[in-house]
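S.K.: So that we are looking at the same thing, I have put the structure below in C-alpha cells.
The values are calculated or read from the model by the stated rules, or taken from the named source; none is laboratory data. Worth saying up front: this structure is predicted, and the values here are computed from it rather than measured. Counting neighbours? That spans all protein chains shown, and the Cβs are built from the backbone with ideal geometry, glycine included.
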Amino acid sequence: MLNFSFYSPTKFVFGKGEENNIGQLLSQRGAKKVLLHYGGQSAEKSGLLGRVRTSLKGAGIEFVELGGVHPNPRYSLAVEGMELARKANVDLILAVGGGSVVDSAKCIAAGTLYDGDVWQDLYIDKKPYDKALPVACILTIAAAGSEGSAGSVISNREVGIKEGIRTNDLLRPVLSILNPELTMTLPAYQTACGVTDMFIHLTERYFTNTPDVSLTDEMIEGLMRTILKYGIVCVKEPDNYNARAQIMWAGMLAHNNICGVDREQDWASHHIQHRIGAKYDSAHGAGLATIFPAWAQYVYKHNVPRFVRFATKVMGVDNDVFHPEEVALEGIRRIKAYFASLGMPTTLSELGVKDEDIKELANFNDGFFVKLTPADMEKIFELAK
C-alpha cells in the first residue's frame, strides 16, 4: 500500500426532487451570481432548466447562461465561458448535465482565474494552478464521475487532441445534486456508455502493480459487481428507480478516487480512447467498450493471478487452478460479451476507425500496469478490430 492524501470536500445531495433546492443550497454557501452551464435541448425540454432558474431566482441568486456543450466537450466553448464568467464577475459555475458539462464547467472554473494559456499550460503541460472558481453540478447522466472527481477532460477540435487537466482538489465540486429520476429519460445507448465508463474507471485502478491493497480491491470488486447487476437493468428498464439510484451512486464512488488512493493506477485504456474520441468524435463509453477487452487480452500474462481474481470475483467464472490462463481469458470474454449485451460496440470497425489511421493513433507511450510502446499500442488496436 502506498502513502496517500485523500480530500473530498463535495457535499452530495441525493434523491428525488433535490434539484429544486439548488438556489437554497448555493445561497447557504454564499453564492451571489453564477454561470449556468448546460448542454443541448433536453434539459430545457424536460423542464429541468426552468426549475433551476426558478430556484435560483427564489434564492436571490443572479445568473448568466452558456449552453451548447457537446459530448467530448469543446475547448472553444469553455473559452467563451471564461470570457463570460470574467465579464459577468460570477462567483460560481453551475453545471446542469452529464460529465461533459461538468468537465467543461471545471475548465471554465480553472481558466477564468488563470493568467496564461489555459490549453497549453494546464491541459498539455499539466502545470500546477492554485486557484479556481467553485463548481457545483446537477447531474443528469451517471457515467463520468465528474460530480466527485478532481479532473476535467476537454477536446480541442482545432488541433484534434483530447486531454485532461492536472488533477486538483480545487476542481472537486463543492456541491453535487444527484437525482436518479433525471437519468430515466436518457436513450439506452447513452445509459450503456455511462455504465461502461464507470466500470472502466474501476479497472484502471484495479489492474495495478501495487501489492497489499486488499481493502480497496474488495471495494472495487463490490462496485464492479453492482454496476454489472444494475447496469443492464437500467438499459432494459429505464424507469427502474432503484437500479438508476444504485448506478448513480456507484458512478461517483468509482471515480472520486476513494478506491484508488493506495495504489499505482494504469489509465492506458482511457488514454487510447481519448485519441480515438478526439479523431472520430465517438462516444467515450463506446470507445472504452472496444479498447478495454483488447488491452486486457494483450497484457493479462503480466499478472495472470490478478486477471484470475477479476474473472472469479467479478465475472463469476469458476476457478480452475490447473488452467489459470483459461480462467483469465474467460473473464475477459465475459466482460466483452457484457458490453455487447448493453448495446455497446466491441470492435474498432463499429466505431468507424480506419486501418490507415491506426499507426497515428497508436503513436504514443502509456500505461503503468504494463508500460506500452507505440508497437504495443498497434497490437492492441489489431486485437480490437
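S.K.: Please go through the range 42-66 and give me each residue that is within 23 Å of the chain's Cα centre (by Cα) and modelled with pLDDT under 95, ordered by number.
M.R.: 42, 43, listed by residue number.
S.K.: Which residues, taken from the range 347-366, are out of contact with any strand residue (DSSP E or B) (no Cβ under 9 Å at 6 or more places or on another chain) and surrounded by fewer than 20 Cβ atoms within 10 Å (Cβ to Cβ)?
M.R.: Once the filter is applied, which keeps residues that are out of contact with any strand residue (DSSP E or B) (no Cβ under 9 Å at 6 or more places or on another chain) and surrounded by fewer than 20 Cβ atoms within 10 Å (Cβ to Cβ), the range 347-366 yields 347, 349, 350, 352, 354, 355, 356, 357, 358, 359, 360, 363.
S.K.: Would you be able to say whether some residue in the range 125-138 is within 17 Å of residue 103 (Cβ to Cβ), within 16 Å of the chain's Cα centre (by Cα), modelled with pLDDT of 95 or more and buried (at least 22 other Cβ atoms within 10 Å of the Cβ)? Don't jump to the end; show me each part of the working.
M.R.: Taking the range 125-138 and keeping what is within 17 Å of residue 103 (Cβ to Cβ), we get 126, 129, 132-138.
Now narrow it down to the ones that are within 16 Å of the chain's Cα centre (by Cα): 137-138.
Then drop every residue that is not modelled with pLDDT of 95 or more, which leaves 137-138.
Next, only the ones that are buried (at least 22 other Cβ atoms within 10 Å of the Cβ) stay: 137-138.
Among the residues of the range 125-138, at least one is within 17 Å of residue 103 (Cβ to Cβ), within 16 Å of the chain's Cα centre (by Cα), modelled with pLDDT of 95 or more and buried (at least 22 other Cβ atoms within 10 Å of the Cβ), which makes the answer yes.
S.K.: I've got another one for you. Looking at 69, 96, which one is assigned by TED's automatic domain parsing to the domain that holds residue 162, under 20 Å from the mean Cα position of the chain (by Cα) and in a loop (DSSP other than H, G, I, E, B)? Spell out the reasoning first.
M.R.: Details: 96 fails: in a loop (DSSP other than H, G, I, E, B).
Going through 69, 96 in turn, the sole match is 69.
S.K.: Which members of the range 356-385 meet the condition of being over 13 Å from residue 294 (Cα atoms), hydrophobic (A, V, I, L, M, F, W, C) and either outside the structural domain of residue 287 (by TED's automatic domain parsing) or outside any loop (DSSP other than H, G, I, E, B) (or both)?
M.R.: Across the range 356-385, the qualifying residues are 358, 361, 372, 375.
S.K.: Is there a residue being polar (S, T, N, Q), assigned to a helix (DSSP H, G or I) and exposed (fewer than 13 other Cβ atoms within 10 Å of the Cβ) anywhere in the range 34-47?
M.R.: As a first pass, look at the range 34-47 and keep what is polar (S, T, N, Q): 41-42, 46.
If we keep only those that are assigned to a helix (DSSP H, G or I) as well, we get 42.
Okay, now just the ones that are also exposed (fewer than 13 other Cβ atoms within 10 Å of the Cβ), so none.
No, the range 34-47 has no match at all.
S.K.: Right, next: For the range 100-198, please list each of the strands (runs of 3 or more DSSP E) lying entirely inside it that holds at least 3 residues being out of contact with any Pro (no Cβ under 6 Å at 6 or more places or on another chain), of a type outside the set (A, V, I, L, M) and not assigned by TED's automatic domain parsing to the domain that holds residue 277. Break it down into steps so the answer makes sense when it comes.
M.R.: Details: elements: 135-139, 153-156, 161-164, 175-178.
Where strands (runs of 3 or more DSSP E) fall fully within the range 100-198 and carry at least 3 residues being out of contact with any Pro (no Cβ under 6 Å at 6 or more places or on another chain), of a type outside the set (A, V, I, L, M) and not assigned by TED's automatic domain parsing to the domain that holds residue 277, they are 161-164.
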